[in-house]
Each structure stands twice: as C-alpha cells, then as structure tokens.
Amino acid sequence: MDQTKTIRLLTCDNIQEAYFIKNRINNEGIDCFLTNENFTSLMPNYFNILGSGIQIVVIESDYEKSREIVKDKIEPETVEQICPFCGSDKISLQLGKHKRLKIFYILLVMVAGIPIGYFKLQYCCKNCKKEII
C-alpha cells in the first residue's frame, strides 16, 4: 500500500482566496485539497484560533513546486510591490482605512474578552495613501 504524506501549504482566511490559490496550483498540474472549509465559513471570527482557517494541503513530493507557485502569498515581503495607482514602490503593511476606529474596536474587544474577529493588514501606498488589494 502506498503511503503518501501530505503537508499543509498555506492557510487562508476566506473561501474565495482558498479556491483562487487551489486553482492556481491545479492549473500547474499539482493536486491539492482544502480542509476546514465549513468551520472557517461558519465561524469567521475564530480565524487562526484553534487551528482554524482554510488549509491548502498538497502531497509532500509536490510541496516545493507548490510553494514556488504561491510564493507571493506565503512570503509577500519577498515580492516587490508597486502601487497600481501612482507607480510608487513605497508600499507598507498597515491597518488601512479607519485606523482609529479599528484600534478602538481592538481595545473594546480586549476589554470585553470576545474573539477579535476579522482584522487583516492591508498594503498601502505611502505616496498616494490608497489601499492596494
């Protein structure tokens, strides 16, 4: 009996991103599958708590090739970012729009003791101050 090991390649926070990455990998001829789809979809506030998040799993022998395909998602800091609005290379990870409101919400959640919910850093251009999706 063939015992093939699988490895978690990446964890995504939403179903759309997970299927987008899965399709990128499948288009290169590599088989992969998703786990935790239902839990993460039903309980989005628990992202990265108790092992949640939609996990993309590949066969161990395909791991390196898969990693190279989605390197921009695994190691975003190694991919050069250019602002599509002004062409600047001065891009950084920030809270994005409504920073004060997000900070207030984080403090409120910490005091109340409930899960923080869905916060994700955004790439923002330092020149034109726009968020890059």
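Which entries in 22/102; 71/99; 22/126; 73/130 show an alpha-carbon gap greater than 26 Å?
22/102; 71/99; 22/126
For residue 59 and residue 92, FRET efficiency with R0 = 35 Å and r from the beta-carbon atoms, rounded to 0.05?
Plugging the Cβ-Cβ distance into 1/(1 + (r/R0)^6) gives 0.45.
Which ordering of 60, 80 is given by a fewest-first count of other beta-carbon atoms within 10 Å?
The order, fewest Cβ neighbours first, is 80, 60.
Any read-out appearing in this document is the output of simple, stated calculations on the displayed coordinates, not a laboratory observation. What you see is a predicted model; the values in this text were computed from it and never measured. Glycine also receives a Cβ, built like all others from the backbone with ideal geometry; neighbour counts cover every protein chain displayed.
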